[in-house]
Amino acid sequence: MAKILDARGLSCPQPVLMTLEEIKAGRADEIVVMVDSDTSKENVSRAATSKGWTVAGIGEEDGVYRITIRKG
């Protein structure tokens, strides 16, 4: 089951730091990060790929982006 990180309302670098902390903890093979800005969407995606994770998908609904990242 995917771990969900709700970073809505937070400005960078908070969503990136939350994502990297969860990646480092190693508790999940899939993480869904919810953000509400283009900048956060891009930065979280870039940070995840820099750690060897794959961006499996990005969905947008009502101004909220759901970034699904997977290990490996």
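The values are calculated or read from the model by the stated rules, or taken from the named source; none is laboratory data. Not measured: the values here are computed from a predicted model. Ideal geometry is used to build each Cβ from the backbone, glycine not excepted, and the neighbour counts take in all protein chains shown.
For the reader, a short list of remarks on this structure follows.
- Any hit, region 36-54, residues being in contact with an Asp or Glu (Cβ under 9 Å, 6 or more places away or on another chain) and among the hydrophobic types (A, V, I, L, M, F, W, C): no
- Pairs, first more than 13 Å from Pro15 (Cβ to Cβ) in region 46-72, second among the polar types (S, T, N, Q), C-beta under 6 Å, six or more apart: Val55/Ser45; Ala56/Thr68; Gly57/Thr68; Arg70/Thr54
- Selection within region 18-36 - aliphatic (A, V, I, L, M), surrounded by 14 or more Cβ atoms within 10 Å (Cβ to Cβ) and farther than 14 Å from Tyr65 by Cα: Met18, Leu20, Ile23, Ala28
- Selected residue (only one of Thr54, Thr39 is over 20 Å from Lys71 (Cβ atoms), more than 9 Å from the chain's Cα centre (by Cα), surrounded by fewer than 18 Cβ atoms within 10 Å (Cβ to Cβ) and polar (S, T, N, Q)): Thr39
- Single match in Val35, Val55 (criterion: of a type in the set (Val, Ile, Thr), at pLDDT 95 or above and touching a Pro at 6+ places or on another chain (Cβ under 6 Å)): Val35
- Scanning region 1-15 for residues that are exposed (fewer than 15 other Cβ atoms within 10 Å of the Cβ) and part of a helix (DSSP H, G or I) yields one hit, Gln14.
- Residues of region 42-51 classified as polar (S, T, N, Q) and either surrounded by 16 or more Cβ atoms within 10 Å (Cβ to Cβ) or at positive phi (or both), total: 2
- Taken over region 16-68, residues that are part of a strand (DSSP E or B) and in contact with a strand residue (DSSP E or B) (Cβ under 8 Å, 6 or more places away or on another chain) amount to 19.
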